[in-house]
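Worksheet: the structure to be examined is printed underneath.
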Amino acid sequence: GISQLRFKPAYNPYTEPSMEVFSYHEGLKKWVEVGNSGVFRPELLLPMGLPENVSVIAWGLSLERPTMIKYGINNIRELVGHRVNLQMVYDSPMCRLDA
């Protein structure tokens with residue numbers, strides 16, 4: 001359902017070059033980060049025993065952003081880190097603490 005995307009160069013400590021992906025959220029009337037990507041830096045691959053001429057691509061979705069929108073969270077530190085409201089975690093049907 002994502003129809004409007006923007007791509008922006010970014011800095012990530014493990015990849016170079018790096019890029020962020022944004023989508024326009026009609027409900028919020030603003031652009032929201034939905035992904036990140038890049039090419040792993042060669043010095044990070046050498047300890048893994050990979051040849052110097054190998055390139056490894058990294059990418060991922062920013063699942064924190066849609067979660068923040070769904071639960072009305074304005075500050076990412078309230079979702080991840082020491083400020084997390086554990087009662088929200090216990091009450092949410094998506095969170096499983098018995099696994």
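The values are calculated or read from the model by the stated rules, or taken from the named source; none is laboratory data. Just so you know, these numbers come straight off a predicted model, no measurement behind them. Heads up: the accessible areas ignore ligands, DNA and RNA and are worked out on the full protein's heavy atoms, side chains in. Shrake-Rupley method; radii C 1.70, N 1.55, O 1.52, S 1.80 Å.
Here are a few things to note about the model shown:
- Considering only residues in the stretch 2-51 that are more than 18 Å from the chain's Cα centre (by Cα) and of a type in the set (Gly, Ala, Ser), the one that is nearest to Tyr71 (Cα to Cα) turns out to be Gly27.
- Complete set of residues in the stretch 8-52 that are of a type in the set (Asp, Glu) and at pLDDT 90 or above: Glu16, Glu20
- Elements of type helices (runs of 4 or more DSSP H) in the stretch 1-98, at least 2 residues being of a type in the set (Lys, Arg) and open to solvent by 50 Å² or more (accessible area, probe 1.4 Å): 64-71
- Residue-level check: of (1) at pLDDT below 90; (2) under 17 Å from the mean Cα position of the chain (by Cα), Tyr90 misses just (2).
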